Amino acid sequence: MARPRRGTVFLVGAGPGDPGLLTVRGLELLRRAEVVIHDNLCNPALLGEAPEGAEIVDAGKHSGSPTPRQAHVLRRMIRRAREGRSVVRLKGGDPFVFGRGGEEAEALARAKIRFEIVPGVTSAIAAPGAAGIPVTHRARASGFAVVTGHEDPAKKGDVVDYGALARFRGTLIFLMSVRRLDDVVARLRAAGKPAATPAALVRWGTRAAQQTLVERLDRIAVRAAAAGFRPPAVFAVGETVACRSAISWIEKRPMFGARVLVTRARRRAHELCAKLQDLGAEALSVPMIETLPLRNRAVAAAARRADAWDWIVFSSAEGVDGFLGAVLAERGDLRALGSARLAAVGEATAARLAARGLRAALVAREGTAAALARALCRRGDWRGKRVLLPGSAIGGRVLERALCARDADARFLPVYRTRRPRWTWEISTLEQSEVEVAVFTSSSTVRHFAALLKGPRLSRPCARRLRGCAHVSIGPSTTAALRREGFRVAAQARRPTVEALAAAAVRAWRERRRRR
Ligand code: SAH
């Protein structure tokens, strides 16, 4: 009898918030996790890296809902591991910096569960860094100390030694200190820390919501209270805070502060999200469309005779996957394509062919079907040629008609269909994230988005917020779809490319900030 598989728990540091700051090992584990248990400091965008179908458990606390008790989270983690699953316990920052990671590892060891610790970039260093505050500096600080600011003053035993902290000639970094700022400052002052020591609060460091407040030590608590400064934030005290005026950098990026919803299919969202992140935005991918390959007799027959075509014209990456998947299923080898020549519409489609080791003899620019037909016809003699056009179930037949009009024997073949995704945990990420810009790359994503806003699954305030976003479109037909659904279009890309779409998002964001 096969022995049951042994499960493992990976205590993974999610980093301070920017998804790019997860470690390579962490990402690798997340991508093959069967269960992901995350807390509320983790950026929900990371959850999109988990495989479809993975169980996603929110162990964080949110206003309105009670915190699942630590013991409950632990029990679940252990149960899943005993069932043989690979469990990623994703914790904000580093799992061993005030994250109760130590206690969780002890419990796993007691339960004899195999575990691994994957360190993370801690907010203690990253949040000040994102605000232009180095924790050490040759001329200003010869070290740094990371201390809890949450300590109960009545606590006995291992207490923070404020005398030592006040004497320490380095940067002091307090976590969990916002609600006790008065107390922390008073204790530092009482222990002799000078009133004029530079201090800073950095909230949601490396996230779009990053906010920084710089003030002298003796005044910062009053300023923070007046500004309504809320957790989570890191409190930094020391001479290195003064570096910020010269080296703050995150705030200078064109999309700093923007939270952008990307609605395109998951597999195609990655490049756009990366581009938006480069510009300083926080991208949240919640696909409003899902593609499914069509497997029917017509597809199987066309795939079996793959070498009977003179040309196969692919108009999308999904078409490539759909048809070549069928060829592999029917014939087991892509050489079954024989001497059929391949054409691709758009670089992304050509790239998908290239990823399978296939070169497109002809690559046409993206555009309307009619323009495409003209471009194709200019570039080849189609008379009498047998042409296969694998596409979407709802794709137009314009190309087929145009080629037939040039005496080609063209056949449009639906090889995939799209549908409205069954949103699950993604709905909750939408509820929590205050996106202000939403990007659309097709009219179906617009329709599904509109249906979601009207339906019962989102809370009213969230639906209202999403309706009030700056809506950005990839081109004329998507813009028309947005208008039909009653959305105001803030910007339209000048070309149907990722770069142009990101540039349109920048324009929409600038306009939104100007209006505020
Ligand atoms: N393990 C985490 C810390 C957990 S304790 C780490 O290594 O970062 C929770 C505290 O971390 C919060 O109260 C806050 O002080 C700090 N924190 C976490 N993420 C933060 C962020 N992005 N910006 C500022 N502070 C953060």
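Here R266 fulfils each of the conditions (1) closer than 27 Å to G99 by Cβ; (2) open to solvent by 70 Å² or more (accessible area, probe 1.4 Å); (3) charged (D, E, K, R) apart from (1).
Can you find even one residue in the stretch 171-179 that is within 16 Å of the ligand (Cβ to nearest atom) and assigned to a helix (DSSP H, G or I)? Taking every residue of the stretch 171-179 in turn, at least one turns out to be within 16 Å of the ligand (Cβ to nearest atom) and assigned to a helix (DSSP H, G or I).
For I56, the test of being modelled with pLDDT of 95 or more, of a type in the set (A, V, I, L, M) and crowded, with 16+ Cβ neighbours inside 10 Å is failed. Given the structure, is T479 free of Cβ contacts under 8 Å to residues at least 24 places away in the same chain and of a type in the set (S, T, Y)? For T479, the condition - free of Cβ contacts under 8 Å to residues at least 24 places away in the same chain and of a type in the set (S, T, Y) - is met.
Reported count of residues in the stretch 325-347, each being part of a loop (DSSP other than H, G, I, E, B) and within 24 Å of L403 (Cα to Cα), is 4.
Scanning the stretch 216-255 for residues being open to solvent by less than 40 Å² (accessible area, probe 1.4 Å) and of a type in the set (A, V, I, L, M, F, W, C) gives a total of 14. Restricting the first member to the stretch 45-60 and to residues that are assigned by TED's automatic domain parsing to the domain that holds R85 and among the β-branched types (V, I, T), and the second to residues that are in a strand (DSSP E or B) and surrounded by 17 or more Cβ atoms within 10 Å (Cβ to Cβ), the beta-carbon pairs closer than 9 Å and six or more apart or on different chains are I56/V35; I56/V36; I56/I37; I56/H38; V57/V35; V57/V36; V57/I37; V57/H38.
Residues that are touching a Gly at 6+ places or on another chain (Cβ under 6 Å), buried (at least 18 other Cβ atoms within 10 Å of the Cβ) and outside any helix (DSSP H, G or I) occur in the stretch 414-432; there is at least one. Can you confirm whether S443 is touching a strand residue (DSSP E or B) at 6+ places or on another chain (Cβ under 8 Å) and under 17 Å from P287 (Cα atoms)? Spelling it out, it is not the case that S443 is touching a strand residue (DSSP E or B) at 6+ places or on another chain (Cβ under 8 Å) and under 17 Å from P287 (Cα atoms). Take V202 and tell me if it is part of a strand (DSSP E or B), within 14 Å of the ligand (Cβ to nearest atom) and over 25 Å from W249 (Cα atoms). Considered against the rule, which asks whether it is part of a strand (DSSP E or B), within 14 Å of the ligand (Cβ to nearest atom) and over 25 Å from W249 (Cα atoms), V202 comes out as no.
Is it true that some residue in the stretch 87-96 is basic (K, R), in a loop (DSSP other than H, G, I, E, B) and farther than 28 Å from A224 by Cβ? Scanning the stretch 87-96, I find no residue that is basic (K, R), in a loop (DSSP other than H, G, I, E, B) and farther than 28 Å from A224 by Cβ, so the answer is no.
So is R82 of a type outside the set (A, V, I, L, M, F, W, C), within 23 Å of I56 (Cβ to Cβ) and within 16 Å of the ligand (Cβ to nearest atom) or not? No. Looking only at residues in the stretch 136-149 that are within 16 Å of the ligand (Cβ to nearest atom) and buried (at least 17 other Cβ atoms within 10 Å of the Cβ), which one is nearest to the chain's Cα centre (by Cα)? That would be V146.
Could you go through the stretch 171-179 and let me know if any residue there is in contact with a Gly (Cβ under 9 Å, 6 or more places away or on another chain) and open to solvent by 60 Å² or more (accessible area, probe 1.4 Å). Among the residues of the stretch 171-179, at least one is in contact with a Gly (Cβ under 9 Å, 6 or more places away or on another chain) and open to solvent by 60 Å² or more (accessible area, probe 1.4 Å), which makes the answer yes. If you go through the stretch 33-49 and keep only what is assigned to a loop (DSSP other than H, G, I, E, B), away from the ligand (no atom under 13 Å from the Cβ) and closer than 13 Å to V12 by Cβ, you end up with just A33. Scanning the stretch 445-477 for residues that are open to solvent by less than 10 Å² (accessible area, probe 1.4 Å), more than 18 Å from T424 (Cα to Cα) and assigned to a helix (DSSP H, G or I) turns up just one, V446. Would you pick out the residues in the stretch 89-107 that are over 26 Å from A209 (Cα atoms) and either more than 13 Å from the ligand (Cβ to nearest atom) or among the aliphatic types (A, V, I, L, M) (or both)? The answer is A105, E106, A107.
All of V260, V214 fail the test of being within 16 Å of the ligand (Cβ to nearest atom) and not in a helix (DSSP H, G or I), apart from V214. May I ask you to list the residues in the stretch 108-135 that are more than 14 Å from the ligand (Cβ to nearest atom), over 15 Å from V12 (Cβ atoms) and open to solvent by 30 Å² or more (accessible area, probe 1.4 Å)? Result: A109, R110, K112, P134. Would you check if L188 is away from the ligand (no atom under 16 Å from the Cβ), part of a helix (DSSP H, G or I) and surrounded by 20 or more Cβ atoms within 10 Å (Cβ to Cβ)? Criteria met by L188.
The values are calculated or read from the model by the stated rules, or taken from the named source; none is laboratory data. What you see is a predicted model; the values in this text were computed from it and never measured. FYI the Cβ positions are ideal-geometry reconstructions off the backbone, even for glycines, and counts take in every protein chain you see. Keep in mind that these areas ignore ligands, DNA and RNA; they rest on the heavy atoms of the full protein, side chains included. Shrake-Rupley method; radii C 1.70, N 1.55, O 1.52, S 1.80 Å.
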